[in-house]
Amino acid sequence: MLNPEQKLNQKVFSHDVEQLPIRKGFGEGLLFAAEKDERVVGLCADLTDSTVMNLFKAKFPTRFIEMGVAEQNLASVASGMAAMGKIPFITSYAMFSPGRNWEQIRTTICYNNVPVKIAGSHAGVSVGPDGGTHQAIEDIAIMRVIPRMVVISPCDAIEARKATLAAAQSPDPTYIRLAREKTPIITTEATPFTIGKAHIIFHPEGTQKADVGIIATGALVHKALVAAQKLSQHGIFVKVLNVATIKPLDEEAVWRLAHETKAIVTVEEHQIKGGLGGAVAECLAVHYPVPIEFIGVHDVFGQSGTPEELIEHYGMGESHIITAVRKVILRKK
Amino acid sequence: MSLTDEKVFDLEKKALAIRKSIITMLIEAGSGHTAGPLGMADIFTYLYFVALRHDPKNPSWEDRDRFVLSNGHICPVLYATMAHAGYFPVHELMTLRKFGARLQGHPHREWLSALETSSGPLGSGLSQAVGMALAERITAGRTSPKQFYCFTGDGELDCGQIWEAAMLAGKEKIQNLTVVIDRNNIQIDGFTEDIMPLNPLADKWRSFNWHVQEIDGHNFRMIEEAFGQARAVFDRPSVIIANTIPSRGIPDFEGKFEWHGKPPQTDEEKKTALDALRTLSGKLKNEHSTL
Ligand SMILES: Cc1ncc(C[n+]2csc(CCOP(=O)(O)OP(=O)(O)O)c2C)c(N)n1
Ligand SMILES: [Mg+2]
């Protein structure tokens with residue numbers, strides 16, 4: 001059942017659950033952040049509408065800079081603005097920022113330790129027909145590995161809005177990962193959000209103990225929930241941990257879940273290597289080793305197709321999560 | 001060396017057939033780019049049917065010229081032209097952007113081996129073309145008959161890497177390299193001169209030690225003349241700034257940056273596009289009725 005403490009959307013399992021693109025939550029969050037704090041500025045590299053920075057641009061035209069197709073410049077100009085006391089948000093597709101401008105982010109943002117906020121849209125294979133060149137599935141890994149960088153991967157538009165506001169208020173360099181397609185709304189205004197905190201959003205009823213812990217992030221959290229619900233109908237009980245902040249990882253929440261269930265499945269729309277799966281494995285290898293199964297992309301590139309076709313093809317659908325849960329149970333000692 | 005009237009008519013007919021293919025494949029795909037592909041259809045026609053030394057039946061022919069499409073998002077025109085030139089069946093165009101298709105949303109060399117490279121992310125095609133030309137010079141010397149062509153967008157020129165490559169090609173005097181810039185004055189967020197002004201564009205390239213020509217990218221005689229000049233230059237790389245009209249052929253869509261990245265979607269848009277190309281067919285026949 002949904003964890004009542006999290007005050008989640010009660011319609012999350014129904015067919016007419018409201019759906020919104022996660023990037024839209026970012027656009028609204030940026031607008032709020034800018035209204036609250038005049039140090040917030042926005043820079044975009046010729047993708048103002050599709051990264052939903054257009055809301056900010058319309059309201060604060062003098063605090064918006066159009067960079068043209070120049071992502072390396074985007075990152076370092078933002079660094080310069082941050083050095084002058086601004087809180088710059090920079091947007092493009094994740095493939096190009098932070099994809100193309102990694103070293104500029106590393107040196108001029110993180111090494112300098114300035115509060116630049118990077119919003120990478122169109123992450124994951126669910127970008128669809130644009131194909132493999134445009135599907136960022138390595139971005140969590142390349143951001144997570146840079147010292148000081150905070151990495152947030154919201155599961156829906158509401159969480160993205162809260163994450164954006166929280167990022168604006170934090171002094172750290174921050175990467176916010178956004179998806180293009182409409183995604184079911186899981187959280188509500190009342191759901192708690194703090195950078196660095198993961199939350200159990202689904203657990204067995206009553207005193208039933210969980211057999212497996214699913215640790216999920218981003219747009220696939222909804223599929224993890226649906227898989228969990230289906231499994232419970234078959235007498236397999238799981239808890240689902242929504243990890244919105246991949247770095248710093250809420251190690252205590254991960255450790256507790258592993259301790260309780262003795263078996264973990266990670267779920268992300270990203271390469272397994274270096275992604276959430278990698279982060280969880282690094283944590284548990286040190287603190288509490290248990291069997292882990294990984295749902296994510298297996299070291300290959302994406303391709304054209306519909307989002308659903310691609311999620312299925314790359315093994316990230318509900319049925320794959322269910323199979324992984326069954327498999328990890330068999331591996332339990 | 002000027003094109004005969006018959007040849008121009010033939011190229012115009014081919015370009016029209018390619019435009020029709022572009023629109024039908026985009027409608028079938030339901031996503032993809034309209035403005036750039038239609039605007040570059042004439043130059044692609046000239047490249048594949050006149051300029052390029054290639055063999056569609058033997059794409060890996062070692063002595064072929066090399067063509068790098070840097071602005072990969074305009075691949076509908078690349079695919080359509082390749083199909084009409086005989087690289088693969090025209091009906092395969094209807095698989096554009098579909099799961100498992102060779103015609104990926106942005107060109108992928110691994111899927112379609114007749115391509116010289118993959119592209120989509122902007123700004124890195126010119127560097128690759130320069131690399132190919134430098135490799136050829138090391139292998140075969142300056143007298144190699146191979147030509148190297150690279151097409152770029154104009155918004156794409158915002159990318160710093162373009163200018164890194166331009167500087168290198170100027171320094172290395174790569175004389176068998178020809179770049180064609182799709183100067184259509186649009187990019188995603190608006191008109192190039194509002195988003196990131198490029199003018200004076202010809203002067204920029206000249207100052208990087210390139211041979212520069214500016215042409216009407218829809219005039220086959222000018223295209224022929226410019227490609228000929230570019231090949232004749234022996235001490236510098238060449239750039240052709242091709243002034244094109246985005247969405248050329250569909251008057252209602254022409255010149256509008258809104259058509260950068262979407263296909264005709266509503267029934268009305270589809271009808272507008274298909275009708276416009278049909279009208280163009282009629283016009284073409286009338287103009288050349290004496291031939
Ligand atoms: C490195 C990179 N950044 C951003 C994009 C997204 N993008 C695709 S096309 C385009 C505009 C390019 O303008 P132009 O080259 O003039 O193409 P046109 O709109 O004329 O077809 C942008 C920003 C990209 N493909 N690659
Ligand atoms: Mg352009």
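Of the residues making up the stretch B:172-203, those that are more than 9 Å from every other protein chain (Cβ to nearest Cβ), within 13 Å of ligand 1 (Cβ to nearest atom), touching a residue at least 24 places away in the same chain (Cβ under 8 Å) and not β-branched (Val, Ile, Thr) number 7.
If residue A:284 passes every condition in (1) under 23 Å from residue A:194 (Cα atoms); (2) under 18 Å from the mean Cα position of the chain (by Cα) but one, which one does it miss? Condition (2) is where residue A:284 drops out.
For the stretch A:212-230, what are the residues that are in contact with a helix residue (DSSP H, G or I) (Cβ under 7 Å, 6 or more places away or on another chain) and crowded, with 21+ Cβ neighbours inside 10 Å? Listed by number, the residues that qualify are A:212, A:213, A:214, A:215, A:216, A:217, A:219, A:223, A:224, A:227. Selection of the stretch B:119-166 for residues being small (Gly, Ala, Ser) and free of Cβ contacts under 8 Å to residues at least 24 places away in the same chain yields B:131, B:135, B:140, B:141.
Just to be sure, is residue A:127 in contact with a helix residue (DSSP H, G or I) (Cβ under 7 Å, 6 or more places away or on another chain), at pLDDT 95 or above and more than 26 Å from residue B:163 (Cα to Cα)? So that I can check it myself, show each step before the final result.
Working: in contact with a helix residue (DSSP H, G or I) (Cβ under 7 Å, 6 or more places away or on another chain): yes; at pLDDT 95 or above: yes; more than 26 Å from residue B:163 (Cα to Cα): yes.
In short, yes.
Residue count for the stretch A:54-108 under the criterion of being farther than 25 Å from residue B:161 by Cβ, in a helix (DSSP H, G or I), touching a Gly at 6+ places or on another chain (Cβ under 9 Å) and away from chain B (no Cβ under 11 Å): the result is 3.
The requirement of being away from ligand 1 (no atom under 15 Å from the Cβ), open to solvent by 30 Å² or more (accessible area, probe 1.4 Å) and at pLDDT 95 or above is satisfied by residue B:54. Candidates are the residues of the stretch A:111-149 that are in contact with a Gly (Cβ under 8 Å, 6 or more places away or on another chain) and in a strand (DSSP E or B); the one that is nearest to the other protein chains (Cβ to nearest Cβ) is A:136. Exactly one residue out of A:83, A:75, A:45 is more than 16 Å from ligand 2 (Cβ to nearest atom), touching a residue at least 12 places away in the same chain (Cβ under 8 Å) and open to solvent by less than 10 Å² (accessible area, probe 1.4 Å), and it is A:75.
Within the stretch A:115-149, the set of residues being surrounded by fewer than 24 Cβ atoms within 10 Å (Cβ to Cβ) and among the aliphatic types (A, V, I, L, M) comprises A:141, A:142, A:145, A:146, A:149. Scanning the stretch B:72-105 for residues that are open to solvent by less than 10 Å² (accessible area, probe 1.4 Å), facing chain A (nearest Cβ under 10 Å) and within 16 Å of ligand 2 (Cβ to nearest atom) yields a count of 2. Sub-7 Å Cβ pairs linking a first residue in the stretch A:262-284 that is at pLDDT 95 or above to a second residue that is among the charged types (D, E, K, R) and open to solvent by less than 10 Å² (accessible area, probe 1.4 Å), at least 6 apart or interchain, are A:275/A:268; A:276/A:268; A:277/A:268, ordered by first then second residue.
Condition (residue is open to solvent by 40 Å² or more (accessible area, probe 1.4 Å) and within 29 Å of residue A:298 (Cβ to Cβ)) applied to the stretch A:161-179: is it met by at least one residue? Taking every residue of the stretch A:161-179 in turn, none turns out to be open to solvent by 40 Å² or more (accessible area, probe 1.4 Å) and within 29 Å of residue A:298 (Cβ to Cβ).
Being hydroxyl-bearing (Ser, Thr, Tyr), assigned to a helix (DSSP H, G or I) and away from ligand 2 (no atom under 16 Å from the Cβ) narrows it down to one residue among B:139, B:143; which is it?
Just one listed residue meets the conditions, B:139.
Could you please find all residues in the stretch B:210-260 being open to solvent by 40 Å² or more (accessible area, probe 1.4 Å), among the hydrophobic types (A, V, I, L, M, F, W, C) and part of a loop (DSSP other than H, G, I, E, B)? Working first, answer last.
Looking only at the stretch B:210-260, we keep the residues that are open to solvent by 40 Å² or more (accessible area, probe 1.4 Å), and these are B:214, B:216, B:219, B:221-222, B:225, B:229, B:231-232, B:234-236, B:243, B:245, B:248, B:251-252, B:254, B:256-258.
Now narrow it down to the ones that are among the hydrophobic types (A, V, I, L, M, F, W, C): B:222, B:232, B:234, B:245, B:257.
Result: B:234, B:245.
Residues in the stretch A:285-333 that are touching a Pro at 6+ places or on another chain (Cβ under 6 Å) and either open to solvent by less than 10 Å² (accessible area, probe 1.4 Å) or within 14 Å of chain B (Cβ to nearest Cβ) (or both): A:304, A:328.
Taking the criterion of being more than 14 Å from residue B:283 (Cβ to Cβ) and hydrophobic (A, V, I, L, M, F, W, C), the residues of the stretch B:1-27 that qualify are B:1, B:3, B:8, B:11, B:17, B:18, B:22, B:23, B:25, B:26, B:27.
When residue B:207 is tested against (1) within 16 Å of ligand 2 (Cβ to nearest atom); (2) of a type in the set (S, T, N, Q); (3) free of Cβ contacts under 8 Å to residues at least 60 places away in the same chain; (4) over 18 Å from residue A:67 (Cβ atoms), exactly one condition is not met: (1). Scanning the stretch B:259-271 turns up no residue that is closer than 23 Å to residue B:51 by Cβ and out of contact with any Gly (no Cβ under 7 Å at 6 or more places or on another chain). For the stretch B:149-192, residues that are away from ligand 2 (no atom under 12 Å from the Cβ), of a type in the set (Phe, Trp, Tyr) and open to solvent by less than 10 Å² (accessible area, probe 1.4 Å) total 1. Does any residue of the stretch B:19-33 turn out to be within 15 Å of residue B:78 (Cα to Cα), part of a loop (DSSP other than H, G, I, E, B) and within 14 Å of chain A (Cβ to nearest Cβ)? There is at least one residue in the stretch B:19-33 that is within 15 Å of residue B:78 (Cα to Cα), part of a loop (DSSP other than H, G, I, E, B) and within 14 Å of chain A (Cβ to nearest Cβ). Here is the figure for the stretch A:233-249: residues that are closer than 29 Å to residue A:173 by Cβ and either open to solvent by 20 Å² or more (accessible area, probe 1.4 Å) or without any contact (Cβ under 8 Å) to a residue 12 or more places away in the chain (or both) total 3. Highlighted here are the strands (runs of 3 or more DSSP E) found entirely within the stretch A:235-333 that include at least 1 residues which are among the acidic types (Asp, Glu): A:264-271, A:292-297.
The values are calculated or read from the model by the stated rules, or taken from the named source; none is laboratory data. Remember, it's a predicted structure, so these values are computed and weren't measured experimentally. As a convention, Cβ positions derive from the backbone with ideal geometry for all residues, glycine included, and neighbour counts pool all protein chains shown. Each accessible area value is taken on the protein alone, full model and side chains, heavy atoms only, with ligands, DNA and RNA left out. Shrake-Rupley method; radii C 1.70, N 1.55, O 1.52, S 1.80 Å.
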